[in-house]
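Shown next, in structure tokens, is the structure this report addresses.
Bear in mind these aren't lab numbers, they're just calculated from the coordinates by the rules spelled out. Since the structure is predicted, the reported quantities are computational estimates derived from the model, not experimental observations. As a convention, Cβ positions derive from the backbone with ideal geometry for all residues, glycine included, and neighbour counts pool all protein chains shown.
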Amino acid sequence: MTQPTENITPDWLRELNERVGLKTTEKRDIENSRDLRFLVEAFYLEVLKDELLAPFFFNKLYIFQRLPILTAYWEKMLWGTGWYRRNPMQIHLELGRQVPFKPAHFERWLEHFNGAVDAYFVGEQADKIKFAADRVAGNMQARMCELSVMPD
Ligand code: HEM
């Protein structure tokens, strides 16, 4: 992704989407990995603007380079397909050693995630992905507390 992050705006995203033939004004269900890619872009655009989450996302371009990985992760979560075989829990545990996670971070993360889903999608898969995000965030939060990575 060579687009400078300051130019990544919802308008730019909509434009990109129109170019690939998606009508973002009409809400519909998540159907394929292209929809997932769109969702993760919309989600991280909001996350990157959020000051509470900023300490985790200090390298904005890096996150945009990770969009294919994040898309593959959600493909695996929703449909059990795709190439994602990594261990996100481990990655977040390591991250937590540099920047301590707190419950408020997870709450905010979920707000943005649910917000991005609801902004563009509606239906069974949309519900399923929000449910999955909520479950994983809950597990992650519990695990971070358990291992004392996250101070009270
Ligand atoms: C407070 C909440 C969260 C924060 C601040 C956060 C932050 C981050 C950051 C900074 C990365 C990049 C790390 C790296 O590649 O070294 C990352 C990667 C990732 N995050 Fe999170 N995350 C949060 C919650 C979640 C949740 C709840 C999920 C899943 C439902 C999730 C899924 C992922 C995945 C799949 C990756 C890519 C891992 C890989 O490279 O394989 N994150 N996250």
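Between the range 60-116 and the range 119-136, what's the alpha-carbon centroid distance in Å? That distance is 15 Å. A straight chain from K102 to L61 at 0.36 nm per residue would run longer than the Cα-Cα distance by 12.4 nm.
Subtracting the Cα-Cα distance of K49 and F131 from their residue separation scaled by 0.36 nm leaves 27.1 nm. Here the simple spin-label model places points 7 Å from the Cα toward Cβ, and for R86 and R143 these points are separated by 1.4 nm. Consider a paramagnetic label point 7 Å from the Cα of E111 along Cα→Cβ; state which residues of the range 48-83 have an amide N under 12 Å from it. Inside the label zone: 50-53. Grouping the Cα pair distances of the range 30-146 into 10 Å bins from zero gives a pair-distance distribution of 13, 47, 36, 4 percent in increasing distance order. On the basis of the beta-carbon distance and an R0 of 35 Å, I69 and R28 show a calculated FRET efficiency of 0.90.
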